[in-house]
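K.L.:
This is the structure I want to talk about, given as structure tokens.
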Amino acid sequence: MRNIRKIVAIIVALITTGLYAQDCILPVSIALDEDFSNIPLAAKKVAYNSLNRIATSNGLTTESPTTPFILTMHCDVLDKSNLPGPPIKTVYNLGVTLYLADTYTQKKFSTTYLELKGVGTGEVKSYINAFQRLTANRNGIIDMMEDGKKKMLSYYDTQYENIINEAKRLVSIQKYEEALMNVLSIPRCSKGGKVAAEFALSIY
């Protein structure tokens, strides 16, 4: 509960100071696909951080308290080999698919496929070196993000009234924090952004 109140307080502070209204920043959550369960933890952290950088570099925020959208990645091992040493080095060729999706409908808004090569002294370093090549300016990523952002914004343009109505329902049963988080998911740059921001202040 403390974390929720802290997030709400920060966002409300942004609105009241006008910072929330300056840029068209869309909310998204970050996750790795189920196949990452077989990948070492240290490498998973690098992959996760790479997705975070891709999101923030392309005008998305991963700090929103609620959002129906997710940026995620699927990873396949295309082949694995060893280079003679010393030291012996492990080589991984990975095929990764990035996509922006709506978690409610399971609909993929945009996607791109990349091949990454990692070389290191052991599997973990090889994976890490491969995921470090996943940068925001790689071919395909920028186009994927721009296409996905247009569809995300279109979602809010058409659904903001439903989101606000749900927030009003939550207010009626005194679930103020949940209502506030729902309405704050509506980007200021969308069609209903101004109405949503004003309603958020009235809830607060």
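K.L.:
Can you tell me which residue within the range 171-194, out of those that are part of a helix (DSSP H, G or I) and at pLDDT 90 or above, is least open to solvent (accessible area, probe 1.4 Å)?
P.N.:
Selected residue: Val171.
K.L.:
Could you tell me which of the residues Ala167, Ala179, Ala130 is of a type in the set (Gly, Ala, Ser) and under 30 Å from Asp79 (Cβ atoms)?
P.N.:
Result: Ala130 is the single residue among Ala167, Ala179, Ala130 that is of a type in the set (Gly, Ala, Ser) and under 30 Å from Asp79 (Cβ atoms).
K.L.:
In the range 69-122, which strands (runs of 3 or more DSSP E) lie fully inside it and hold 2 or more residues that are touching a helix residue (DSSP H, G or I) at 6+ places or on another chain (Cβ under 9 Å), surrounded by 14 or more Cβ atoms within 10 Å (Cβ to Cβ) and of a type in the set (Gly, Ala, Ser)?
P.N.:
Passing ranges, in order: 107-120.
K.L.:
Could you please find all residues in the range 50-63 being farther than 16 Å from Asp33 by Cα and open to solvent by 30 Å² or more (accessible area, probe 1.4 Å)?
P.N.:
Listed by number, the residues that qualify are Arg53, Thr56, Ser57, Thr61, Thr62, Glu63.
The values are calculated or read from the model by the stated rules, or taken from the named source; none is laboratory data. Everything quoted here is computed from the prediction, not taken from an experiment. As a convention, Cβ positions derive from the backbone with ideal geometry for all residues, glycine included, and neighbour counts pool all protein chains shown. Side chains included, ligands, DNA and RNA excluded: accessible areas come from the protein's heavy atoms. Shrake-Rupley method; radii C 1.70, N 1.55, O 1.52, S 1.80 Å.
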